[in-house]
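Taken together, the values in this text are just the output of simple stated rules run on the coordinates, not laboratory data. Quick caveat: nothing in here was measured; it's all calculated off a predicted structure. FYI the Cβ positions are ideal-geometry reconstructions off the backbone, even for glycines, and counts take in every protein chain you see.
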Amino acid sequence: MAEAMMDSDTTAKVEAAVFRRLLAHLDSRKDVQNIELMNLAGFCRNCLSKWYVAAAEAEGVAVDYEGARERVYGMPYAQWKDRYQGEATPEQRAAFAARGEK
């Protein structure tokens, strides 16, 4: 089956819907820690927040990082962290360190 060609407006709408679905999926999986996402996929909720800020800036819109985090986490980050973020295991920290990223 051939992929249908989409105009730029339709492409943007589809991509926005995919982003919203990704956020909803992550919201439904609060048990998945950011360090696990980083170790397995190379990105996490904080990365999405940074990409959100960068994309907004590319469009000439100022979005602060904490505002972007609230969009991605569905609540202020400090609140999410208190409720859902667990302590990383030594194995998780070692795997993250082996990636060579901060």
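Could you tell me which residue of segment 60-73 is farthest from Lys30 (Cα to Cα), considering only residues that are of a type outside the set (A, V, I, L, M) and assigned to a loop (DSSP other than H, G, I, E, B)?
Among those residues, the one meeting the criterion is Gly60.
Please state which of the following conditions Val61 fails to meet, knowing it meets all the rest: (1) of a type in the set (Val, Ile, Thr); (2) loosely packed, with under 15 Cβ neighbours inside 10 Å; (3) in contact with a Leu (Cβ under 7 Å, 6 or more places away or on another chain).
(3)
Which of the residues spanning segment 74-102 are in a helix (DSSP H, G or I), without any contact (Cβ under 8 Å) to a residue 24 or more places away in the chain and more than 20 Å from Leu26 (Cβ to Cβ)?
Pro90, Glu91, Ala94, Ala97, Ala98
Report the residue count in segment 31-55 for those that are crowded, with 18+ Cβ neighbours inside 10 Å, more than 18 Å from Glu15 (Cα to Cα) and among the aliphatic types (A, V, I, L, M).
3
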